[in-house]
Amino acid sequence: MYHRNGFWLRFSESLNSKYNNRRRNGYGTVHYYARWKSGEYCEPSKNKFRQHPLDYIEGIENTIKAVVSQVSDDVVKNIVGIGVDTTGSTPVAVDKSGTPLALLNGFEENPNAMFVLWKDHTGIKEADEINDLCAKWDIDYSQFEGGIYSSEWFWSKILHVSRADKAVLNAAYSWVEHCDWVPFLLTGGNDVTQMKRSRCAAGHKALWHESFGGLPPNDFFVALDPVLDGLTDRLFKETYTSDVSVGTLSDEWAKRLGLSTSVEVAVGAFDCHMGAVGVNIEPYYLTKVMGTSTCDILVTPLQEEEHLVKGICGQVDGSVIPNMLGLEAGQSAFGDIYAWYERLIS
C-alpha cells in the first residue's frame, strides 16, 4: 500500500501457496491527500511546505481499509504486523500527550503547527547557524551526518518554527518525526515521553549518536538559540531499529482498519531506507531509490573503526538493517526537477 508515505502489512507464514502467489503480485490502492492536493498550507515561492495531520489520518484509514477489503476474511486473520515508513525529516510540534498541535483548538489552520515536510527549506538560515556552531564546538555533532547539516532536517525546522511562531513555541511540549508519530498513533500512545523513536530518523537527521550519549547537550542548543533551552529533556536519548515492535493496534484503530488488536506495529523509519530493504539490499551493493528525490543507500558490516564520509546524509548503525551500518546520500528534488521540466515544455 502506498500514499506517498508507505505502509506495509506482514502476513503469517501459514498461508497456502495460492495466496503466496497472490501476495507476490500484490494488492494496493491510491489515496490522494485532500488538503495537499488543493495546495493548502504551502507557499512554493517561499520554499514552505506543510501538511495537516488529518491528511495522514485519513490516508492511513482509507488505504489500509481499501486493501483489506480486497482479500478474504481468512487472509485478514493472517495479517500479523504493520510497518510504517515516511519522508523525512518531517517533524511536528506536539503536546505532552503526543498530539500534533494542528489537532488542538486554536491551531487547526496554523501551518507552523503542522508537519514540516522534508522539502520545506524555510530553515536555510538556521541550518547555516548549526553548521557554524558545529565547526566551533569541541565536538562536531554533525560528523556522523556528513559534516554538513541541512535545512531539510530536524533541528533546522524546529529552530525556524520556534523563532517564527511564539504561540507554537509556548504550546509545544516536544517535537516528533512523522515516522515516529504514526506507530504511536496506531498503538494508542498518549504520553510522548513513552514514544519509541526511530534510530533511522534520529541518526540521519537529528544529530543523535551513541558516542554522544544520544543528542547533543542542552548547552549546545542554548548556544544556538535560547529558545531551545530544555527541549532535549523533552525529546529522547534512546532510539530503536525497525525490527522492534512499538506495540499492538489499539482497540480504536483495530476497529477503524478492520484488523485485530494482536497486529504488531513496528518502529518507523524513512522511506528510502525501507525501500532498500524492500529490494533486498546486501552489503556493499548501492541501492538507488528514485522518486521525488533520489536516495542512495548502502549497508556495510560494522567495523571497529568507523570511517567518516563527508557530504552524505548520515551513517547510522541499524538505520536500514539492524546491526549493520546504513549510509545515505542522494539528490534532493531529482524527480521534482523532471516534473518541473515536463510542465515547462508541455
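Bear in mind these aren't lab numbers, they're just calculated from the coordinates by the rules spelled out. From a predicted model like this one, the values you see are computed outputs, not experimental measurements. Positions of Cβ are generated from backbone atoms using ideal geometry, with glycine treated the same way; all protein chains shown enter the neighbour counts.
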> So if R0 is 30 Å, what FRET efficiency would residue 234 and residue 309 give, r being the distance between their Cβ atoms, rounded to the nearest 0.05?
Replying inline: 0.40
>> Helix 53-68 against the longest principal axis of the chain: what's the angle in degrees, Cα atoms only, rounded to the nearest 10?
In response: 20 degrees
> Given N residues in the chain, what is Rg(Cα) / (2.2 N^0.38 Å)?
Replying inline: 0.98
>> Whole angstrom only: what separates the Cα centroid of the stretch 291-346 from the Cα centroid of the stretch 133-168?
In response: 19 Å
>> Give me the percent relative contact order of the chain, please, defined on Cα pairs under 8 angstrom at least 6 residues apart.
In response: 17 percent
>> As I understand it, the value is the acute angle between the Cα axis of helix 334-345 and the longest principal axis of the Cα atoms of the chain; what does it come to in degrees, rounded to 10?
In response: 80 degrees
> What is the list of residues in the stretch 164-183 whose amide nitrogen lies under 15 Å from a point 7 angstrom out from the Cα of residue 252, following Cα to Cβ?
Replying inline: 181-183
> Which value in deg cm²/dmol, rounded to the nearest 500, describes the helix-derived mean residue ellipticity at 222 nm for the chain, given -39,500 (n - 2.57) per DSSP H run of n ≥ 4 and division by the residue count?
Replying inline: -9000 deg cm²/dmol
> Two-decimal Rg/Rh of the stretch 54-148 from alpha-carbon positions, Kirkwood Rh?
Replying inline: 1.14
>> For a quick check of your reading of the filter: which chymotrypsin sites (Phe, Trp or Tyr not before Pro) in the stretch 32-118 sit in a DSSP loop and have no more than 16 other Cβ atoms within 10 Å?
In response: 32
> Of 114, 324, 274, how do they rank once you tally other Cβ atoms within 10 Å and put the fewest first?
Replying inline: 324, 274, 114
